[in-house]
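Please read the structure below before turning to the comments.
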Amino acid sequence: MSRIGTSLLTAVALLAATPALAGEGRAWASGTFNPAKTETAENRTFTEFAEQGTLEVEYAFDGGPGGEIGVEYRLRSGLGLQLAASFGTRDGAASYTAAFPHPLYLNRDRAASGETSGLSLTETAIHFDLVYGKRGPKWEIVGFAGASFFNVEADILDRPQYTHAYPYDTVSVLAPVTLSRSGSKVGFNAGLAVDYRLSKSFGLGVQGRFSGATVELEATDEGTVELDAGGFAVGAGLRLYF
Amino acid sequence: MKWYGTVLALALAAGGAQAADPTGTRRVAAGDGAALSDWDFRAGRLEAAGDLRLRLVREDELLPGRVHERLAQFYRGIPVWGGELVRQRSATATLSVFGTFYEGIELDVTPTLTAADAARSVAARGLTLPLDKQPELVVLPREAGYALAWRLRANTDPDAGFDARMIFLDARDGAVLLEYSDLKHQSAVGTGTGVLADSKKMSVLSGGGGFLTDDQLRPPRLRTFDMKGNLTRTLQFLNGQVALGQSDLAVDPDNVWSDGAVVDAHAYAGYTYDYLYKRFGRRGLDDQNGRILSLVHPVNRADIFGYSDSVVSTFYLNAFYYGDGIMVYGEGLPSNLTAGGQRFNYWSGALDVVSHELGHGVTDFTSALIYYGESGALNESFSDILAAGTEFFHQEAGSGPLKADWLLAEDTVTPGGIRSMQNPAAFGDPDHYSIRFTGAEDNNGVHINSSISNHAFYLAIEGGRNRVSGLSVTGVGSANRDLIERVFFRAYTALLAPSSDFSAARAATLQSARDLYGANSNAERAVREAWNAVGVQ
Ligand SMILES: [Zn+2]
C-alpha cells in the first residue's frame with residue numbers, strides 16, 4: 001500500500017475521533033478488481049551503424065486486483081467531498097518486431113521479432129471528488145465524480161540485444177530485457193457506492209469507479225509508451241461512519 | 001609440472017554451477033553462503049600471507065556503503081599474471097568474491113635472464129620499449145603449466161603499422177611464451193559518398209580521435225591506404241622499400257566520408273569479399289582471409305603533365321593487382337582531359353573494376369594462370385567474369401551508372417567502358433576463336449582474347465546467337481546466373497592449371513557443370529552450346 005494510503009488512514013482516524021463536526025463522515029477500505037485490459041503499442045527509432053532502426057512493441061496488460069481506501073465528509077445537504085487512494089496491479093505480455101540496420105550495407109535491415117510475458121504494471125491513484133449521497137437508516141447510496149492523479153509503474157521492453165556474425169545478414173536476439181518505467185498524469189473519475197449499515201459506526205459496501213488517464217512512460221532511445229491507466233474497477237469492503 | 005587454476009565466481013545471488021574446460025581449469029560459480037564464507041576466509045588468510053595483495057579499493061558509485069577490493073595474486077613476491085580476486089564488502093560483511101586464483105604453483109623465482117637481457121631481446125626485433133615501461137617479472141599461467149616470465153609491452157615500428165605488443169619471455173631461456181597486440185581497437189561504421197555520388201556504408205576503425213579505413217567487421221585485414229598523390233612512396237612500397245602503416249590509412253574526423261576514391265575502394269573491396277563468400281563460400285583471395293590492401297591516389301590529377309607516358313598509363317589510366325593482396329587504383333584524368341574520346345574517373349569508382357582486380361588475386365592463389373597468351377586471356381577473362389558476377393550480385397540490372405551490365409569499367413571510363421562481354425566486337429575484341437588476336441601486343445592478347453571466354457560466359461547465362469558462327473545458345477537465364485558463375489568459378493580456380501588454354505577451359509567448365517549439376521544438366525548444355533558458339537572445341 002502506498003504512503004498516500006497510510007496518510008489517508010490517519011486522516012480517517014482523526015476524523016472519526018472528532019464527533020463535534022457539523023456534518024457527518026464516512027470512511028472505507030475496499031478490495032477491488034479492475035477487469036479492463038489495457039493494450040498499447042509503441043514505435044521507437046534508434047540509430048545503429050549510422051542508420052535508423054525501428055522497434056515496434058505491442059503490450060497487453062490483463063485486468064487485475066487492487067484496493068482502495070477513502071474518507072468522505074458530507075454536509076447535511078447531502079453534498080460532500082471525498083479523498084481516496086487506490087492501487088491496482090496487472091500482469092502483461094509484449095510482442096515486438098525490430099529492424100536492425102545492417103553494419104555493411106544501407107537499406108538492408110535485419111528483422112527480428114519475439115514476445116515476452118511476465119511484465120507487471122502497478123498503478124496508484126489519488127481521487128478527489130465531489131459527492132452527493134442519500135443516507136437512510138440501513139442503506140446509503142453515494143455518487144461521486146472528480147479528478148484523479150495517476151502514477152503508473154510498468155515494465156516496458158528495452159531495445160533487444162542481439163548477437164551477429166559475418167556476414168551479419170541475420171541477428172540472434174537474446175532474451176528480451178525489460179525496464180521499469182514510471183509516469184504520472186491527471187485524469188478523471190466517477191462512480192457509485194452502496195452501503196449497508198450494520199451498526200451505528202460500521203457497515204459493508206460495494207462500489208464501482210470508472211477512472212482514466214493516458215500516462216506516458218519514457219522508453220530508452222527516442223520513444224514513449226502511452227498507457228491507458230484506470231478502467232472500471234469494482235470493489236467491496238468495510239465502511240466506517242462518524 | 002602439475003597445476004590447476006581455480007576460477008571463482010561466488011555470489012549470494014548466483015545458483016551453484018561447476019564446469020571443467022580442457023586445460024584443467026576448474027570454474028566455480030557457487031551461490032551458497034558456505035562457498036562465499038569459505039573464500040572470504042581463504043582470501044583473508046592469503047592476504048595475511050602476502051599471496052594476495054590489495055591492489056585497488058573503489059567505493060561503489062551506485063550502491064552507497066559498498067566497497068570493491070581488488071586483491072592481486074602473488075607467488076613468492078612475484079605477481080601471477082591474471083590472478084586476482086575481487087571482494088565486494090558492505091560495512092559489516094563480504095557480499096561476493098569473484099575472480100581467478102591459480103593454485104599449485106611451484107617455481108624457482110630466480111630468473112636466469114636479467115631484465116636488461118629481456119629488453120635487449122625485444123629491441124633486437126626492432127621493437128621500442130617505452131622508457132616508463134620496464135620488463136616485469138611475472139608468473140605466467142599457461143596450458144602447459146606455470147612459467148617464470150619477463151613481461152614487456154613494446155611498440156612496433158610505425159612504418160610496419162604501429163602496434164603495441166604484449167610479450168612474455170621465458171625468464172630462463174628468453175623464448176617467447178605468449179605475445180599479443182595490446183592496442184584496443186574499435187570497430188565503427190560510418191557512411192561515405194562514392195565517386196558517383198552514391199551513399200554507402202564504411203566499415204572502419206575508430207581510434208586516435210578519428211576514423212581509419214581498416215575494416216574491423218569482415219574477417220580479412222581489409223585496409224585502404226591514401227597515398228595522397230605520393231608516387232615515390234607508392235613505388236617504394238611496391239618495391240618493398242617501405243611498409244605502409246596506420247598513418248597511411250585514409251582518415252576521416254567524423255566518419256562521414258567524402259573522398260569518393262577512398263570510399264569506393266574500401267567499400268567495393270568489402271562488396272567483392274562478400275560476393276566471393278556468399279556465392280562461392282570463398283574466404284578472400286587466398287581462401288584464408290589474407291590481407292586485402294587497396295591503394296588510392298597514387299598520383300595527383302594536377303601533376304599529370306609532369307609524368308612520363310608510362311606513369312600516366314599505369315597510374316592515371318589504369319588499375320592493377322600488384323600481387324600479395326595489393327590493389328592500386330589509378331587516379332583518372334582531370335575533368336577537362338579525355339583519352340581516346342573517353343573521360344577517366346577514379347578507377348575505384350567502379351565495382352566491376354575493383355572486383356576484376358581482386359579476381360586476379362584469386363587466380364594468383366589458385367590456378368595461377370600465366371599472364372601471357374591463351375592462359376593470360378583466361379586469367380583476364382576470369383577477372384571479368386567475377387567483375388560481372390559481383391555487379392549483378394550487388395547492383396540492379398540496367399544501363400547507366402551503378403547498374404549491373406555486361407560492360408567493363410563503364411562507371412569509370414565514360415562513355416561506354418573498356419570491354420563488352422555481350423558484344424566484344426563493339427570494342428574491336430574477338431567474339432570467336434577463329435578471329436582471335438595472334439600478335440605480340442598485350443602479352444599476346446590477354447585483354448583482347450579474354451573476350452572469347454567472356455562471351456561464352458555471357459551466352460551460357462543470357463543465351464543468344466554468336467555473330468561469327470551464327471550458332472544459337474539457350475542460356476540458363478539471368479535468374480539462374482549463379483549456376484554458370486559457379487561452373488566457371490570452380491573450373492577456373494580449381495580445375496585449370498597455369499598454362500591452360502581455351503580448349504582446357506571448355507573441358508574444365510563442362511567437367512565443373514557435370515560435377516555440380518549433373519551430366520546433361522541445363523547448365524552443362526548451356527556451357528557446351530556457348531563454347532561451340534564461340535568456336536572453342
Ligand atoms: Zn585485369
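The values are calculated or read from the model by the stated rules, or taken from the named source; none is laboratory data. What you see is a predicted model; the values in this text were computed from it and never measured. Cβ atoms come from the backbone with ideal geometry, glycine included; neighbour counts cover every protein chain shown. Quick note on the areas: whole protein, heavy atoms, side chains included, nothing else; ligands and nucleic acids left out. Shrake-Rupley method; radii C 1.70, N 1.55, O 1.52, S 1.80 Å.
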Practice task
Please go through segment B:307-321 and pick out each residue that is out of contact with any Phe, Trp or Tyr (no Cβ under 9 Å at 6 or more places or on another chain) and either within 15 Å of the ligand (Cβ to nearest atom) or not in a helix (DSSP H, G or I) (or both).
Solution key: B:S308, B:S313, B:Y321
Practice task
Inspect segment B:424-436 for any residue being on the phi > 0 side of the Ramachandran plot and more than 16 Å from the ligand (Cβ to nearest atom) and give the result as yes or no.
Solution key: yes
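Being within 14 Å of the ligand (Cβ to nearest atom) and open to solvent by 10 Å² or more (accessible area, probe 1.4 Å) is the filter here, so list the residues in segment B:357-368 that pass it.
Going residue by residue through segment B:357-368, those that are within 14 Å of the ligand (Cβ to nearest atom) are B:357-364.
Across segment B:357-368, the qualifying residues are B:E357, B:H360, B:D364.
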Practice task
Please tell me if B:V468 is open to solvent by less than 40 Å² (accessible area, probe 1.4 Å) and touching a residue at least 24 places away in the same chain (Cβ under 8 Å).
Solution key: no
Problem - Residues of segment B:36-57 satisfying the condition of being part of a loop (DSSP other than H, G, I, E, B) and surrounded by 13 or more Cβ atoms within 10 Å (Cβ to Cβ) - result: B:D51
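Considering B:I452, B:I484, which residue is within 16 Å of the ligand (Cβ to nearest atom) and of a type in the set (A, V, I, L, M, F, W, C)?
On the way: B:I484 fails: within 16 Å of the ligand (Cβ to nearest atom).
Sole residue among the options that is within 16 Å of the ligand (Cβ to nearest atom) and of a type in the set (A, V, I, L, M, F, W, C): B:I452.
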Problem - Among (1) outside any helix (DSSP H, G or I); (2) away from the ligand (no atom under 16 Å from the Cβ), the one test that B:I304 misses - result: (1)
Handout entry: Residue under evaluation B:Y458, criteria (1) buried (at least 22 other Cβ atoms within 10 Å of the Cβ); (2) in contact with a helix residue (DSSP H, G or I) (Cβ under 7 Å, 6 or more places away or on another chain); (3) in a helix (DSSP H, G or I), criterion not met
Key = (2)
Handout entry: Complete set of residues in segment B:101-124 that are crowded, with 19+ Cβ neighbours inside 10 Å, under 39 Å from the mean Cα position of the chain (by Cα) and not small (G, A, S)
Key = B:F101, B:Y102, B:L113, B:V122
Handout entry: Considering residues of segment B:471-489 that are under 19 Å from B:S434 (Cβ atoms) and outside any loop (DSSP other than H, G, I, E, B) only, the residue least open to solvent (accessible area, probe 1.4 Å)
Key = B:V473
Practice task
Looking for whichever is of a type in the set (S, T, Y) and free of Cβ contacts under 8 Å to residues at least 24 places away in the same chain here; the options are A:S172, A:S211. Which one fits?
Solution key: A:S172
Handout entry: Residue within segment A:121-131 that is in contact with a helix residue (DSSP H, G or I) (Cβ under 8 Å, 6 or more places away or on another chain) and part of a strand (DSSP E or B) present
Key = yes
Exercise for the section: Kindly check whether there is at least one residue in segment B:270-283 that is more than 14 Å from chain A (Cβ to nearest Cβ), touching a Leu at 6+ places or on another chain (Cβ under 8 Å) and within 16 Å of the ligand (Cβ to nearest atom). Expected result: no
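Take the residues in segment B:383-402 that are in contact (Cβ under 8 Å) with a residue 12 or more places away in the chain, more than 11 Å from B:A350 (Cβ to Cβ) and open to solvent by 50 Å² or more (accessible area, probe 1.4 Å); name whichever of them is farthest from the ligand (Cβ to nearest atom). Steps first, answer last, please.
Let us first name the residues in segment B:383-402 that are in contact (Cβ under 8 Å) with a residue 12 or more places away in the chain, namely B:383-395, B:397, B:401-402.
Filter again for more than 11 Å from B:A350 (Cβ to Cβ), leaving B:383-386, B:388-389, B:392-394, B:397.
With the extra rule that they be open to solvent by 50 Å² or more (accessible area, probe 1.4 Å), the set shrinks to B:393, B:397.
On the way: B:F393: 19, B:A397: 23 Å.
Taking the candidates together, the pick is B:A397.
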Problem - Test for A:L83: is it out of contact with any Cys (no Cβ under 8 Å at 6 or more places or on another chain), within 14 Å of chain B (Cβ to nearest Cβ) and modelled with pLDDT of 95 or more - result: no
Completion exercise
Taking segment B:402-415 and keeping only residues that are closer than 22 Å to B:G359 by Cα and part of a loop (DSSP other than H, G, I, E, B), one is left with B:L402, B:K403, B:D405, B:W406, B:A409, B:E410, B:D411, B:T412
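One line per residue, one yes/no per condition, for (1) at pLDDT 90 or above; (2) closer than 22 Å to B:L169 by Cα:
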position	(1), (2)
B:R58	no, no
B:V86	no, no
B:R89	no, no
B:D108	yes, yes
B:T114	yes, yes
B:D117	yes, yes
B:G126	no, yes
Exercise for the section: Among the residues of segment A:51-61, count how many are farther than 17 Å from A:Q161 by Cβ and open to solvent by less than 70 Å² (accessible area, probe 1.4 Å). Expected result: 4
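I'd like the residue in segment B:341-356 that is more than 14 Å from chain A (Cβ to nearest Cβ) and part of a helix (DSSP H, G or I) and, out of all such residues, is nearest to the ligand (Cβ to nearest atom).
The extreme case among them is B:H356.
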Fill in the blank from the handout: Matching residues in segment B:198-219 (within 14 Å of another protein chain (Cβ to nearest Cβ) and open to solvent by 10 Å² or more (accessible area, probe 1.4 Å)) number 8
Problem - Residues within segment B:369-382 that are among the polar types (S, T, N, Q) and either surrounded by fewer than 21 Cβ atoms within 10 Å (Cβ to Cβ) or more than 15 Å from the ligand (Cβ to nearest atom) (or both), tallied - result: 0
Problem - Condition check for A:G118: in a strand (DSSP E or B) and exposed (fewer than 14 other Cβ atoms within 10 Å of the Cβ) - result: yes
Handout entry: Selected residue (criterion: nearest to B:T414 (Cα to Cα)) from residues of segment B:220-233 that are open to solvent by less than 50 Å² (accessible area, probe 1.4 Å) and within 14 Å of another protein chain (Cβ to nearest Cβ)
Key = B:L222
Handout entry: The lone exception for B:Q186 - which of (1) crowded, with 16+ Cβ neighbours inside 10 Å; (2) under 30 Å from B:R142 (Cα atoms); (3) within 14 Å of chain A (Cβ to nearest Cβ) it fails
Key = (1)
Handout entry: Single residue of A:T38, A:T47 found to be open to solvent by 30 Å² or more (accessible area, probe 1.4 Å) and modelled with pLDDT of 70 or more
Key = A:T47
Practice task
Using the structure shown, decide if A:F100 is within 14 Å of chain B (Cβ to nearest Cβ) and in contact with a Gly (Cβ under 8 Å, 6 or more places away or on another chain).
Solution key: yes
